Every structure is written in C-alpha cells, then in structure tokens.
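What follows is one structure encoded as structure tokens, with my remarks underneath.
Readers should treat all values here as calculations from the given coordinates under stated rules, not as data from a laboratory. Note that the structure is predicted; figures quoted are calculated from it, not measured. Using ideal geometry, Cβ is built from the backbone for each residue, glycine included, and neighbour counts are taken over all protein chains shown.
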Amino acid sequence: MRKILTLAVICTSLLFAKGANAAITGVLTTCSGGTTYLSHDSTSTGYWSSSNLAVATIGSASGIVSGVSAGTAMISWNGSLGLETAIVTVTATPVSISGGTSPICISSTTTLSSSPAGGTWSSSSPYVATVGSSSGIVTGSHAGTASIAYHVGSCMVSTIVTVLATPIDSVTGPYSVCVGSTATLSTTTSGGTWTSSSTLIATVSSTGVVTGVSSGTAWITYWMSGPCPSYAVKSIVVTTGLTPGAITGSTSVAIGSTTTLSNSVPGGTWSSSTPSVATVSGSGVVSGVSAGTATITYSVTSCSTTSYVTAVVTVTTPNCIAGTVRFTTVPYYGPVKVWLIKYDPATHMLSAADSNYVYCSGDSVQYSFCGLSTDSFRVKAHCDSPAIGGAGYLPTYHTSSAYWSSASVIYHVSGTYDSHKDIIMGYGTGTSGPGFVAGDVTTGANKGTSSAPAVNLLVYCVQAATGNILQQTYTDAAGHYSFSNLPVGEPLNVYPELINYATVPYTSITLTSGTPSMTVANFIQRTVSMKIEPIATSVIDNTGMGAVRVDLYPNPANDKLNIKWNAGNLGVAKVKMYDAIGREVLSSSVDMTSIGQSSLNVSALAPGIYLVKVNTNNGTFDAKVTVE
C-alpha cells in the first residue's frame with residue numbers, strides 16, 4: 001500500500017514584548033522547522049540577533065525567526081534608539097506520522113503513531129474517518145479522504161487516509177420462483193459474481209437470472225472482490241405453488257384504532273369481507289370502522305395457483321371521549337396539554353380527572369381519553385407556550401369557549417365512543433396603543449379582603465363591544481396583573497377566569513389619551529361563595545387636577561383601606577377620616593413624593609360611613625368610604 005504523508009505546521013498566539021525604549025511585535029511562538037516574523041520601531045536603525053542559535057535564528061535585517069529546536073531564545077533588536085528584546089518560545093514539531101495502512105475499508109481500522117507522547121489526534125472529516133484523540137486508531141466511516149493530524153501544543157503533523165467504499169448494498173428481486181421458471185435478481189453494483197448454495201434447487205446465471213430446479217430454498221450470493229471485498233445474500237424459495245402461513249397479530253381492534261396483521265410468506269394481497277366494519281391496507285394494517293366482525297383474507301398467487309388464509313377480526317366500541325384540537329387562525333407547532341374535567345353531582349364541583357400531552361405540527365392534533373365511567377365531562381386544551389400580553393392562542397374548552405361556565409358538556413355513557421368532541425382554539429387578537437390597565441386579586445371569605453394574593457390566576461382583557469378577548473395574562477406572586485399596549489377610546493372589561501368560580505367582570509374601563517392608564521381594577525376571590533368580583537374603588541379628584549388620581553379601595557372596607565396615587569409630586573400628604581357627625585377618628589401622614597400606594601388600618605373603627613380627606617401639595621382630595 002502507498003502511504004501519503006503531509007506535514008503541516010501551525011503557529012498561534014500573537015503577543016507583544018517591550019524593550020527599554022519601544023516594543024517588538026509579532027508572534028512570539030513557533031515550531032521547530034517553522035518561522036515567525038517580528039518587527040520593531042520603524043524609526044530605529046540597527047540589526048536583529050538571537051541569544052541561542054541552537055533554539056532559534058533570525059535574519060539580521062528581515063526579522064524572520066526560524067525555529068531550530070525546542071526551548072527559548074532572547075531575540076534582540078540592536079537599534080539606534082536603544083536595545084529592544086523579546087523571548088521567543090520554540091515547540092518541537094512532532095515527528096512524521098508512521099504506522100497504519102491506507103486505503104482502509106468502511107468499518108475497518110488502522111493505528112497511526114507519532115512522537116513525542118502526550119499529543120492529541122484529530123480528523124479533518126469525521127464523516128469519512130474518525131480517530132481516537134489519544135489512541136491514534138482511525139476507523140473508516142464513509143468513502144473519501146480525511147486528513148489525520150497529530151497535535152503537540154500549537155505544532156502538528158498530518159497524513160491523508162483514504163477510505164474505500166464497500167461496493168454492494170443489497171440484492172433485490174422476487175422471493176420465490178416456480179419449478180421450471182426463472183426470476184431475475186439485481187444489485188446496483190456491477191462486476192460481481194453470482195453463486196447458488198444449491199444448484200439442485202436453483203441455479204443462477206452470471207447476470208442474476210435464477211432458474212427453479214426443485215422444491216426447496218436456495219441462498220443466492222453476489223460476490224465482489226477487491227481491496228474491500230463484500231457480498232450480499234438473498235434466499236429464493238423454489239416451489240410448485242406457495243402456501244401462506246397462518247395470519248399473526250391481534251384480531252381485536254376498537255373503532256377508530258388500528259391493528260397490524262402479518263404473514264410469513266411475502267408478496268401476497270390483503271382484503272376485508274366487510275369494509276364497513278374493518279378495512280385493511282396492502283401492508284396488513286386493519287382499521288376499525290364500526291362494531292362487528294370482518295373476515296380478513298391474505299392470498300398468495302404463484303405457479304398459476306392461488307392460496308389463501310383468513311382471520312376473523314372483531315371491532316369493538318371504545319369507551320372513550322376523543323376529538324381534534326384545531327388551530328384555525330395560524331398553524332401551531334408545539335406541545336398541547338388537554339384536560340379531562342369531571343362534574344361531581346354530590347358537590348356540584350368540577351375537577352381535573354385526567355390530562356395528557358399531544359404534539360401539534362400544523363393546524364390540528366387529535367386527543368383521546370379512554371376507560372371512562374358514566375358521567376358529565378368537559379375537555380380543555382392549553383398551549384404550553386401561550387401568548388401573554390398579546391396575540392396568541394387562549395386556553396379553550398370544547399367546543400370553542402374560553403370560559404368554563406359556557407363550555408360544552410359531554411354526557412358520556414360508559415362503554416360508548418364519544419368522537420368528534422373537537423376543540424376550536426380561541427385566539428387573542430392582540431392590541432396596539434398607549435393604554436395600560438392593572439390591578440390586584442386577593443382572596444377572602446364573603447366580606448372584606450385579606451392579605452393573601454391570588455397567585456397564577458388567568459385574567460382576560462376583553463373588548464366590551466364585541467366580547468373579543470384581546471389579551472391574556474396570569475397574576476404574579478403578589479396577585480398583581482397588568483395589560484399594556486391597549487387601545488384608547490373604547491370600553492374594556494377585565495375578566496378573571498377560574499374553574500368553579502362565578503366571575504363578575506370589571507366593566508366600563510374606557511382609557512383616553514389624557515388618562516391612558518387605570519391601575520386599580522382590583523378583584524376579590526371569595527372562597528366561600530365561590531365568586532370573583534371587583535372591589536369597589538372610590539376615586540377622589542378635585543376640579544382642575546387633570547390626570548392626577550388618588551384612589552381608595554376596597555369600598556366597603558373591613559380591616560384596611562388602601563390609598564393609591566398616580567403622581568409623584570404630591571409631597572407628604574395628611575390623611576384624615578371623619579365620622580358622620582364630623583369628629584376626626586383617624587389621622588395619618590403618607591409620603592406621596594413618588595407614585596405608589598399605602599394603607600390605613602381601619603379595623604378599630606365602628607361600622608359606618610366616613611369622610612376621607614387627603615391633603616397634598618396639589619390640593620385636597622376627599623371621598624366617602626363605608627367601613628363594615
């Protein structure tokens with residue numbers, strides 16, 4: 001074998017060295033047998049020299065350093081402006097790669113070697129040939145050439161390894177031939193030799209024509225010689241007529257499902273006696289259509305005769321709810337979680353009974369839940385990556401509702417198949433504009449509020465005139481939510497959505513260019529009455545104050561009264577509360593030098609109606625508040 005060796009030298013690491021007066025620049029490393037170029041202050045005249053000619057030499061005028069052997073040498077520029085020096089490091093170049101053979105065959109190996117030890121091996125084309133980074137063992141992968149390199153530091157040597165293809169892929173043609181008849185086999189590679197394992201059963205010509213001699217099985221082999229010899233084998237059944245074996249595979253299938261049948265004798269034809277009950281494909285895949293039985297037949301024709309076998313397939317009614325999740329606005333690519341939700345007649349509550357993930361790669365994906373009891377159900381789909389604060393698909397119930405309270409109910413009877421329970425995914429239209437709406441959702445019983453936030457609660461921003469959902473978001477750890485980029489000049493509603501809770505939306509929010517934000521659309525989640533409803537807010541404003549707002553909520557209040565303001569120039573405000581006969585019952589100072597909110601403890605006040613006055617740098621705001 002002829003070996004082709006290529007020696008390559010790689011040098012890296014651009015450094016700078018300073019002498020007493022100026023700097024020598026250039027690459028300060030090289031390999032033995034390699035070169036690097038140095039330069040100096042161009043205003044100086046002089047000559048170059050090396051302190052160790054056994055390690056590195058340098059042209060006195062050119063600045064070209066030649067590596068001689070491993071080590072370091074001080075390179076000097078003896079110039080008219082002074083002496084400049086730099087240390088050049090020379091790394092020993094590995095010796096030429098030895099050992100191994102080339103070319104090699106696909107899947108065969110050869111071992112290369114070099115020195116000094118401790119270096120690493122690499123391949124320019126791992127697709128053609130791989131090499132062990134420390135072992136030097138090269139393995140052929142695909143036909144072609146690859147440069148195999150041995151690296152020691154920044155120095156390397158390399159050699160070319162050629163990989164030869166294994167020429168034969170496979171033998172194609174019939175699996176059987178009749179006695180006295182012929183069948184032609186073929187392969188994509190020419191120049192090989194055909195042989196038969198038993199010429200008493202079948203002979204084969206130099207062109208791959210097989211002649212049946214007597215009943216039995218013969219192995220027909222196609223041989224290729226050369227540097228990488230190879231062969232392919234095909235069995236030929238010689239017969240006076242093929243008889244198919246028994247049909248194997250499950251003979252029970254549910255409506256809408258499939259089962260695969262097979263036979264040991266290839267090349268036959270499948271058929272169904274009753275396609276209205278079960279159909280069968282050319283590959284033996286049986287699909288359940290309706291409840292009942294169908295006879296599936298597999299027939300084989302050879303030597304002018306036809307033989308067949310049969311199997312009876314029973315199609316059962318599945319105990320399932322199934323349907324399709326449809327993305328009709330834009331295609332969706334990603335995981336979709338589908339919930340099965342059960343209604344409990346004892347508690348009149350809905351609860352998640354099951355869920356599974358399906359993956360959508362376009363405009364629809366199918367789901368199913370099986371093994372169900374007789375009950376009332378809802379199904380819901382949710383994209384794993386929903387659009388928050390803009391256009392995108394919304395969590396949607398069957399058939400197309402974004403709200404649990406208006407979702408279609410599926411009354412399932414155990415042992416039946418509820419199909420086509422499709423979910424048409426709703427789509428948030430998205431918005432653009434300067435508007436902003438925000439608020440908080442807290443939990444409580446049937447009166448007042450508590451400090452516990454409602455976390456991860458789905459909240460919709462709805463176009464009041466059409467009912468279209470514009471945006472969706474979820475409350476954070478503080479129970480806070482917000483919508484931005486909203487339109488101004490049209491009424492908006494805010495709707496928290498939570499299963500089993502009746503929602504009273506926050507309505508009639510109309511933003512304007514002068515007042516483009518509303519930040520107190522707050523809700524209380526009442527855990528006893530199972531309602532989510534707005535917390536009444538008193539907006540206190542003085543004539544001429546424009547967009548400056550001071551808001552009090554909740555109203556009625558129980559333990560605390562929140563104060564929220566939208567301007568940062570109100571100073572330190574004095575807040576006073578008066579009872580129905582004008583007596584001052586509470587006084588407090590609130591720092592309103594920046595936008596924010598605070599709260600007053602009103603738990604000690606007797607139930608009743610109170611006047612609240614907030615005296616700021618920009619005027620006095622007042623409103624009436626009820627304490628329960």
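Things to note:
- Thr429 versus Met530: modelled label distance in nm, points set 7 Å from Cα along the beta carbon direction: 3.3 nm
- Distance from the Cα centroid of the range 62-103 to that of the range 564-628 is 83 Å (rounded to whole angstrom).
- The range 320-428, dipole about Cα centre (Lys/Arg Cβ +1, Asp/Glu Cβ -1), debye to the nearest 20: 100 debye
- For the range 538-627, the share of DSSP beta bridges that are antiparallel, to the nearest 5, is 95%.
- Greater than 32 Å apart at Cα, pairs in Lys337/Lys560; Lys531/Lys560; Lys421/Lys531; Lys531/Lys574: Lys337/Lys560; Lys531/Lys574
- Cα centroid separation, the range 457-506 to the range 204-239 (Å): 75 Å
- Taking Lys and Arg as +1 and Asp and Glu as -1, the other residues whose beta-carbon sits under 10 Å from that of Ser588 total +2.
- Pair-distance distribution P(r) for the chain, from all Cα-Cα distances in 10 Å bins starting at 0: 3, 10, 11, 10, 9, 11, 13, 14, 11, 6, 2, 0, 0 percent.
- Hypothetical label at Ser98: residues of the range 113-132 whose amide nitrogen lies under 12 Å (7 Å Cα-Cβ projection): 113-116
- Where labels lie 7 Å past Cα in the beta-carbon direction, separation of Val233 and Asn615 in nm: 10.6 nm
- Summarising the strand pairing of the range 320-428, around 90 percent of its internal DSSP beta bridges are antiparallel.
- Among beta bridges that DSSP assigns inside the chain, antiparallel share in %, nearest 5: 90 percent
- Counting charges near Val379 (Lys, Arg +1; Asp, Glu -1) among other residues having Cβ under 15 Å from its Cβ returns a value of +2.
- Estimated from the Cβ-Cβ distance and a Förster radius of 45 angstrom, the FRET efficiency linking Ser133 and Ser49 is about 0.65.
- Additional length obtainable on full extension of the chain from Tyr578 to Ser113, 0.36 nm per residue less Cα span: 157.7 nm
- Within the straight-line cut-off of under 12 Å between alpha carbons, the aspartates and glutamates reachable from Lys380 are Asp354, Asp422, sequence neighbours fewer than 8 places apart in one chain being disregarded.
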